[in-house]
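Asks: Below: one structure in structure tokens.
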Amino acid sequence: MTQSPMAFPPRPSINQLLDFSGHTVLVTGARKGLGQGIALRFAEAGAAVIVHTRQPEEGHETCEMILNMGQRCHPLAADLRDEAAVADSLKRAEATVGSVRMLVNNAGVYPVETITSLMPARFDAIVQANLGTAYRVTKLCADRWRERAQHGVIVNISSIESTRPAVGHSHYASAKAALDMLTRATAVELAPDIRVNAVAPGLVYTPELADTWPEGVKRYRERALLGREGHRTEVADVCLFLCSPAASWMTGEVVVVDGGVSAAPHF
């Protein structure tokens with residue numbers, strides 16, 4: 001029996017692949033660090049950005065930097081555990097900068113606590129901050145896209161600790177491992193109209209990191225095949241790729257970006 005020809009989506013030109021003009025992205029946890037870097041990089045690519053932070057004053061710096069680029073931006077201040085507040089804030093933001101078509105779930109926390117000192121309530125709180133928030137915002141956006149018959153793209157920020165945990169990170173590493181599976185499971189359920197992928201970064205440079213954790217930075221540089229930690233823009237660029245038409249045949253994947261640490265020999 002002859003198969004009917006496939007109807008492939010139209011392919012943009014090379015110079016249009018990373019052009020996000022006319023699109024809106026929601027980046028959670030965009031106050032500073034990696035989240036801020038992701039928000040700024042999407043703005044550089046032409047996207048309007050909804051900058052999520054927990055407190056209103058925390059988003060001022062990121063929004064000001066985006067506005068200075070000449071791009072549209074709107075703050076969204078909310079506790080991601082409060083679904084009604086997030087939905088209401090998102091509705092107001094979309095009225096200003098347009099409907100969200102891309103979501104980057106970056107919000108999370110990264111404390112160091114050994115398993116023997118870790119209380120159950122604290123474990124639950126860390127898992128909620130790194131996994132539960134991604135679930136809630138994913139569901140919110142997916143419901144809205146399906147109601148509007150729209151396509152969408154989701155990128156979850158995982159970590160190489162989802163498979164290679166560090167000491168003192170049983171809560172964080174467990175949450176990131178579950179986030180990898182949430183990525184795959186939601187990709188299965190939301191296909192074909194909504195693509196879901198994840199980025200698993202290694203150690204990302206911050207100005208204070210070498211001072212606060214010099215032995216860790218030294219070990220990472222010695223282990224990394226590329227000899228250094230990463231820059232937040234290098235992780236952000238993978239997020240842009242996954243949201244772009246260049247990745248139109250990718251969903252349910254976890255992309256490791258760690259300078260070769262995961263591939264380095266163990267013996």
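The values are calculated or read from the model by the stated rules, or taken from the named source; none is laboratory data. The shown structure was predicted, so the numbers you read here are calculated from the model rather than taken from an experiment. Please note: Cβ atoms are built from the backbone with ideal geometry, for glycine as well, and neighbour counts cover all protein chains shown.
Asks: Would you check if Ala93 is farther than 22 Å from Ala125 by Cβ and modelled with pLDDT of 95 or more? Break it down into steps so the answer makes sense when it comes.
Replies: Numbers: farther than 22 Å from Ala125 by Cβ: yes; modelled with pLDDT of 95 or more: yes.
It is true that Ala93 is farther than 22 Å from Ala125 by Cβ and modelled with pLDDT of 95 or more.
Asks: Which of the residues belonging to region 65-91 are free of Cβ contacts under 8 Å to residues at least 12 places away in the same chain and of a type outside the set (Asp, Glu)?
Replies: First pass over region 65-91, keeping only residues free of Cβ contacts under 8 Å to residues at least 12 places away in the same chain: 67-68, 70, 82, 84-85, 88, 91.
Matches in region 65-91: Leu67, Asn68, Gly70, Ala84, Ala85, Lys91.
Asks: If you take the residues of region 170-198 that are of a type in the set (A, V, I, L, M) and under 16 Å from Trp249 (Cα atoms), which of them is nearest to the chain's Cα centre (by Cα)?
Replies: Kept after step one, since they are of a type in the set (A, V, I, L, M), are these residues of region 170-198: 173, 175, 177-179, 181-182, 185, 187-188, 190-191, 194, 196, 198.
Next cut, under 16 Å from Trp249 (Cα atoms) only: 187-188, 190-191, 194, 196, 198.
Details: Ala187: 15, Val188: 19, Leu190: 18, Ala191: 19, Ile194: 15, Val196: 11, Ala198: 7 Å.
Filtering first and then ranking leaves Ala198.
Asks: Considering region 254-267 alone, what residues qualify as being touching a strand residue (DSSP E or B) at 6+ places or on another chain (Cβ under 7 Å) and either in contact (Cβ under 8 Å) with a residue 60 or more places away in the chain or not in a loop (DSSP other than H, G, I, E, B) (or both)? Step through it out loud before you land on a result.
Replies: First, pick out the residues of region 254-267 that are touching a strand residue (DSSP E or B) at 6+ places or on another chain (Cβ under 7 Å): 254-259, 262.
Result: Val254, Val255, Val256, Val257, Asp258, Ser262.
Asks: Are there strands (runs of 3 or more DSSP E) fully within region 92-205 with at least 2 residues that are in contact with a Gly (Cβ under 9 Å, 6 or more places away or on another chain)? List them.
Replies: Working: elements: 100-105, 152-157, 194-201.
Those strands (runs of 3 or more DSSP E) span 100-105, 194-201.
Asks: Among the residues of region 192-237, write down those that are modelled with pLDDT of 95 or more and β-branched (Val, Ile, Thr).
Replies: Within region 192-237, Ile194, Val196, Val199, Val204, Thr233, Val235 meet the criteria.
Asks: Continuing with the same structure: Would you check which residues across region 134-165 are within 17 Å of Leu203 (Cα to Cα), surrounded by fewer than 18 Cβ atoms within 10 Å (Cβ to Cβ) and either without any contact (Cβ under 8 Å) to a residue 24 or more places away in the chain or polar (S, T, N, Q) (or both) and list them?
Replies: Residues satisfying the conditions are Thr163, Pro165.
Asks: Hey, can you tell me all the residues within region 211-237 that are touching a strand residue (DSSP E or B) at 6+ places or on another chain (Cβ under 8 Å) and surrounded by fewer than 20 Cβ atoms within 10 Å (Cβ to Cβ)? Give the steps one after another, and end with the answer.
Replies: Step one: of region 211-237, the residues touching a strand residue (DSSP E or B) at 6+ places or on another chain (Cβ under 8 Å) are 229-232, 234-235.
Within region 211-237, His231, Glu234 meet the criteria.
Asks: Which of the residues spanning region 190-210 are surrounded by 18 or more Cβ atoms within 10 Å (Cβ to Cβ), out of contact with any Leu (no Cβ under 9 Å at 6 or more places or on another chain) and within 30 Å of Ala149 (Cβ to Cβ)?
Replies: Leu190, Ile194
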